[in-house]
């Protein structure tokens, strides 16, 4: 993994991300915007699925906010790749960075599993959300908030 990180850091992308006066700062701002879109979109959905705001219909809320959360995830991946390329060597050795990557993987698996388990039963959540689904929604929100926190902690490690 270290060799791959060194190659990425030495690549044109890594050199550009480190050498440009605007590349890294713009990527950092884009990363923050991606986090806001992801956690803002999926966070509201997760809170609704967990039982808050029962007056809001579940399915239209999910349809409206999920694409924004996915857009945020894509923006996070693109901007995170630029920031990673700038400093790949030290990042690969960082326990905080590795924990963040593991939680991202867990969050993605969790999202796919959640969709697979609950997609067809979402309409029934209006009246009586199942406890397992509510716990999964809280778990989702917790995972993504922890990913964001770990991302911020990388700067201080």
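Every number here is computed from the coordinates shown, using simple stated rules; none is lab data. Here the structure is a predicted model, which is why all the values come from computation and not from measurement. So basically every Cβ, Gly included, is an ideal-geometry build from the backbone, and we count neighbours across all protein chains shown.
Quick notes on this one:
- The alpha-carbon positions of segment 15-56 define a convex hull whose volume is 56 Å³ per residue.
- The simple Förster model, with R0 at 25 Å and r as the Cβ-Cβ distance, assigns residue 56 and residue 115 a FRET efficiency of 0.80.
- Between helix 58-86 and the chain: long-axis angle, C-alpha atoms, 0 to 90°, nearest 10: 10 degrees
- Taking 110, 31 and counting other C-beta atoms within 10 Å, the order from fewest to most: 110, 31
- The chain, helix-only ellipticity at 222 nm - DSSP H runs n ≥ 4, -39,500 (n - 2.57), divided by all residues, nearest 500: -27500 deg cm²/dmol
- Relative contact order of segment 1-91, pairs being alpha-carbon contacts under 8 Å that are 6 or more residues apart, as %: 50 percent
- Residue of 120, 48, 98 that the Gaussian network model of the chain assigns the largest fluctuation, springs spanning Cα pairs under 10 Å: 120
- Relative to the longest principal axis of the Cα atoms of the chain, helix 131-154 runs at roughly 20 degrees.
- Mean Cα-pair separation over length for the chain, i.e. relative contact order, pairs under 8 Å, 6 or more apart, %: 34 percent
- Cα shape, the chain, gyration tensor, a/c 1.5 rule: prolate
- Here the gap between residue 22 and residue 47, fully extended at 0.36 nm per residue and compared with their Cα-Cα distance, gives a gain of 5.4 nm.
- Note on residue 122 and residue 152: their simple-model spin labels are 3.0 nm apart, each label 7 Å out from Cα toward Cβ.
- Taking 0.36 nm per residue of sequence separation and removing the Cα-Cα distance, the residue 142/residue 70 pair yields an extension gain of 24.2 nm.
- Residues 9, 2 in ascending order of nearby Cβ atoms (within 10 Å, fewest first): 2, 9.
- If you take the alpha carbon atoms of segment 54-106 and fit the smallest convex hull around them, that volume is 93 Å³ per residue.
- The chain: angle of helix 23-50 to the longest principal axis, Cα-based, in degrees nearest 10: 20 degrees
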